[in-house]
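The values are calculated or read from the model by the stated rules, or taken from the named source; none is laboratory data. Note that the coordinates shown come from a computational prediction; the quantities given were computed from them, not determined experimentally. As a convention, Cβ positions derive from the backbone with ideal geometry for all residues, glycine included, and neighbour counts pool all protein chains shown.
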Amino acid sequence: METIEAPAKETTKKKRALKKLMIINSKATVDSVYAALILANGARMEGLESEIFCTFFGLEMLQPKKMDNLHVATVGNPGMHIPTMIGGLPGMETLASAMMKREMDKLDIPPVSEFLEIYKASGGKVFACKLAMDMFHLKREDLWDELDDVLTVGDFYERGQEEGSQIIFI
């Protein structure tokens, strides 16, 4: 008995190649800020366009007085593997943050201010959320000098309309 093979199905969708990584950072914890910076910088190193949009507490990574003094969240952070009650004790957040900073120093991970400079020098873009700035009564002069612009969320989404853009929320 002869078998008849079905013709190969042609796909009409082409594989979408990533061209631009857009990261929304909404938190001011060490792990969130560095996740955004590492992903964004990694994209630039791979030749992709990359943008970071800071909203809500993520704006602290753009405030010169705060950017290099971020903390690790010890309360409600299951990754800390400590009971919430212990995480809330006075000094625990400072201790955990100091331990994290020491480990990062061993790996030669730069402070946020320097990491932002490296990222910008590679062609990365950094934006602040207008609504969050209004909510926290921040002005442009309160933020990092190298900031590209203050945008509405609609403006940010508009920047990601081209084929190959991916938005990640941290």
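Per this entry, residue 94 is not counted among residues that are more than 17 Å from residue 35 (Cα to Cα), among the polar types (S, T, N, Q), without any contact (Cβ under 8 Å) to a residue 12 or more places away in the chain and out of contact with any helix residue (DSSP H, G or I) (no Cβ under 8 Å at 6 or more places or on another chain). Can you tell me which residues in segment 47-95 are under 21 Å from the mean Cα position of the chain (by Cα), over 22 Å from residue 129 (Cβ atoms) and outside any loop (DSSP other than H, G, I, E, B)? 78, 79, 80 - these are the residues of segment 47-95 that are under 21 Å from the mean Cα position of the chain (by Cα), over 22 Å from residue 129 (Cβ atoms) and outside any loop (DSSP other than H, G, I, E, B). Would you check if there is a residue in segment 105-114 being acidic (Asp, Glu), part of a loop (DSSP other than H, G, I, E, B) and either in contact (Cβ under 8 Å) with a residue 60 or more places away in the chain or more than 21 Å from residue 23 (Cβ to Cβ) (or both)? The answer is yes, given that some residue of segment 105-114 is acidic (Asp, Glu), part of a loop (DSSP other than H, G, I, E, B) and either in contact (Cβ under 8 Å) with a residue 60 or more places away in the chain or more than 21 Å from residue 23 (Cβ to Cβ) (or both).
Okay, residues lined up against (1) in the same structural domain as residue 54 (by TED's automatic domain parsing); (2) farther than 24 Å from residue 47 by Cα:
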{"position": "86", "(1), (2)": "no, yes"}
{"position": "91", "(1), (2)": "no, yes"}
{"position": "103", "(1), (2)": "no, yes"}
{"position": "117", "(1), (2)": "yes, no"}
{"position": "135", "(1), (2)": "yes, yes"}
{"position": "143", "(1), (2)": "yes, yes"}
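Every residue, every condition in (1) surrounded by 12 or more Cβ atoms within 10 Å (Cβ to Cβ); (2) modelled with pLDDT of 95 or more; (3) touching a strand residue (DSSP E or B) at 6+ places or on another chain (Cβ under 8 Å), yes or no:
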| position | (1), (2), (3) |
| --- | --- |
| 57 | yes, yes, no |
| 66 | yes, yes, no |
| 90 | no, no, no |
| 95 | yes, no, no |
| 100 | yes, no, no |
| 105 | no, no, no |
| 117 | yes, yes, no |
| 131 | yes, yes, no |
| 135 | yes, yes, no |
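Taken over segment 143-158, the criterion of being surrounded by fewer than 16 Cβ atoms within 10 Å (Cβ to Cβ) and β-branched (Val, Ile, Thr) is satisfied by 152, 153. Whether a residue is of a type in the set (Lys, Arg), modelled with pLDDT under 90, outside the structural domain of residue 140 (by TED's automatic domain parsing) and more than 20 Å from residue 160 (Cβ to Cβ) was assessed, and residue 13 does not pass this test. From the list 112, 75, which one is out of contact with any strand residue (DSSP E or B) (no Cβ under 7 Å at 6 or more places or on another chain), at pLDDT below 95 and over 21 Å from residue 167 (Cβ atoms)? Of 112, 75, the one residue that is out of contact with any strand residue (DSSP E or B) (no Cβ under 7 Å at 6 or more places or on another chain), at pLDDT below 95 and over 21 Å from residue 167 (Cβ atoms) is 75.
The set of residues from segment 136-170 being more than 19 Å from the chain's Cα centre (by Cα) and either in contact (Cβ under 8 Å) with a residue 60 or more places away in the chain or not in a helix (DSSP H, G or I) (or both) comprises 136, 137, 138, 139, 142, 161, 162, 163.
When you scan segment 122-129, do you find a residue that is without any contact (Cβ under 8 Å) to a residue 12 or more places away in the chain and either assigned to a helix (DSSP H, G or I) or small (Gly, Ala, Ser) (or both), even just one? No, that holds for no residue.
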